[in-house]
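A.B. asks: Here it is, the structure in full.
What follows draws every value from the coordinates through simple rules; no lab data is involved. Remember, predicted model here, so these are calculated numbers, not experimental data. Glycine gets a Cβ as well: all are built from the backbone with ideal geometry, and neighbour counts include every protein chain shown.
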Amino acid sequence: MAKFKTLDTTTEKSEKKSQPEGEAEHVRCLIIGSGPAGYTAAIYAARANLKPVLYEGLQPGGQLTTTTDVENYPGYPDGIMGPQMMEEFKHQAGRFGTDIRFGYATSVDFSSSPHKVIIDEKKVIEADSVIIATGAEAKYLGLESEKKFMGSGVSACATCDGFFYKNQDVIVIGGGDTAAEEALYLSGLCSKVYLAVRKDYMRASKIMQERVMNTDNIEVLYGHQTKEIVGEQGVEGVILDNMGNEVKLDVKGFFVAIGHKPNSDIFRDYIDMDDVGYIKTKPDTAKTNVEGVFACGDVMDSVYRQAVTAAGTGCRAAIDAERYLGEKGL
């Protein structure tokens, strides 16, 4: 769930800049990315004496660090703040001996073993096994008011945050299957759900559209684009533009459902992915098409995208890595 970026190597300057410096460091297990998936993989790998090295990425802790209350993760009956939860994951991983470092992967070479990963454009890591836990980023509209109310009424996950708006009015932005699913989920919690679709039609599948249309407390607003989110301490309303006409709605929750982008670009030359960029893993495993490279968390999960499922796949990746290293005598 951490943010990673791909280097632009289209110019001589950037190519020169990306050349690694110094001797390569060899590790048995390298984990790229933090968040529930990366930290859980680290906990299991460390307990298996794999001596894992974990690079946290540009956003240590991943997307949960932008979340306020987390109430749907087992073991926290009174809920917990997202940043605090990730600190506890990190502390637990460190307690068992994980070497946790700040830095981000800028390029990789998975053409031979050990696998090479370049950190911060200069440091070379040679790893017998690699666990990719770079996560995915929710796409947002880019409004200043959207940033202002992030975690205070603005969300990209109805399953995560919908409960906080029980019996209140909310709005979902988007016109695809994800937006339809979010609206349907919220309809079971909220008094009224507006679904603002930018175009004059929905891109969602026919069956999803039918479910939306047959839900009494969902109102679809075609041809509506968001101009601004308003409020004081939190979201209190939204201003929409409908063909030049301004529409004001009183809502307490603003849910963006226009898609996610997995942080997988630097692996594209070696790892099999779907059209969006989600890493493909072999059924019931964390194994990718490259031997010794594993993937977990939101970078390979386009369906659930929950902290608890990410942690589960992190466990899977570490166990798969441990077995791989054992079989190879590494």
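A.B. asks: Using a basic spin-label model with each label point 7 Å from the Cα along Cα→Cβ, how many nm lie between Glu88 and Leu141?
C.D. replies: With each label point 7 Å from Cα toward Cβ, the separation is 3.4 nm.
A.B. asks: Using a ≥ b ≥ c from the Cα gyration tensor of the chain (square roots of the eigenvalues), is it rounded, prolate or oblate, where a/c under 1.5 gives rounded and otherwise the larger of a/b and b/c decides, a/b for prolate?
C.D. replies: Numbers: a/c = 2.14, a/b = 1.85, b/c = 1.16.
Note, shape of the chain comes out prolate.
A.B. asks: Net charge within 12 Å of Gly176 by Cβ-Cβ distance, Lys/Arg positive one each and Asp/Glu negative one each, not counting Gly176 itself?
C.D. replies: Local net charge: +1.
A.B. asks: May I ask for the distance between the Cα centers of the stretch 131-163 and the stretch 177-209, given as a whole number of Å?
C.D. replies: A separation of 17 Å, based on Cα centres.
A.B. asks: Assuming R0 = 45 Å, can you tell me the calculated FRET efficiency for the pair Asn72 and Glu25, based on Cβ-Cβ distance, to the nearest 0.05?
C.D. replies: 0.70
A.B. asks: Now for a separate question. Quick one: check the C-alpha center-to-center distance for the stretch 316-330 versus the stretch 62-86, whole angstrom.
C.D. replies: Between the Cα centre of the stretch 316-330 and that of the stretch 62-86, the gap is 30 Å.
A.B. asks: If you don't mind, there's one more thing I want to ask. If contacts are Cα pairs under 8 angstrom and at least 6 residues apart, what is the relative contact order of the chain in percent?
C.D. replies: Relative contact order comes out at 21 percent.
A.B. asks: Can you compute the modelled spin-label distance between Met213 and Lys166, with each label point 7 Å from Cα toward Cβ, in nm?
C.D. replies: So the label points at Met213 and Lys166 sit 3.3 nm apart.
A.B. asks: Count the net charge of all other residues whose Cβ sits under 15 Å from the Cβ of Ala93, scoring Lys and Arg as +1 and Asp and Glu as -1.
C.D. replies: With Lys, Arg at +1 and Asp, Glu at -1, the neighbours total +1.
A.B. asks: Follow-up. For Cα pairs less than 8 Å apart in space and 6+ apart in sequence, what is the mean separation divided by the residue count of the stretch 120-278, i.e. the relative contact order in percent? Don't jump to the answer; show the numbers that get you there.
C.D. replies: Details: 295 pairs, mean separation 44.6, N = 159.
The value is 28 percent.
A.B. asks: Using packing as a proxy for protection, rank 290-301, 51-62 so that the peptide with the highest average count of other Cβ atoms within 10 Å comes first.
C.D. replies: Details: 290-301: 27.1, 51-62: 23.7.
Ranking, from highest mean packing down: 290-301, 51-62.
A.B. asks: Sticking with this structure for a sec: Once you have the Cα-Cα distance between Arg203 and Met243, take 0.36 nm times their residue separation minus that, and quote the gain in nm to one decimal.
C.D. replies: Gain in length upon complete extension: 12.4 nm.
A.B. asks: Give me the percent of DSSP beta bridges within the chain that run antiparallel, rounded to the nearest 5.
C.D. replies: Values: 28 of 61 bridges.
Antiparallel bridges: around 45 percent, rounded to the nearest 5.
A.B. asks: Pairing rule first: another cysteine's C-beta must sit under 4.7 Å. Under that rule, which cysteines of the chain stay single?
C.D. replies: Cys29, Cys190, Cys296, Cys315
A.B. asks: With a ≥ b ≥ c taken as the square roots of the eigenvalues of the C-alpha gyration tensor of the stretch 140-256, please select rounded if a/c is under 1.5 and otherwise prolate if a/b is larger than b/c or oblate if it is not?
C.D. replies: Working: a/c = 1.68, a/b = 1.19, b/c = 1.41.
Oblate shape, in that a/c is at least 1.5 and b/c is the bigger or equal ratio.
A.B. asks: Calculate one ³J(HN,Hα) per residue across the stretch 180-195 by plugging θ = phi - 60° into the Karplus curve 6.51 cos²θ - 1.76 cosθ + 1.60, and present them in order as whole Hz with x for glycine and proline.
C.D. replies: Result, ordered by residue: 5, 5, 4, 5, 5, 4, 5, 4, x, 10, 9, 5, 9, 10, 8, 10 Hz.
A.B. asks: Per residue of the chain, what 222 nm ellipticity follows from adding -39500 (n - 2.57) for every DSSP H run with n ≥ 4, rounded to the nearest 500?
C.D. replies: After summing the helix terms and dividing by residue count, I get -7500 deg cm²/dmol.
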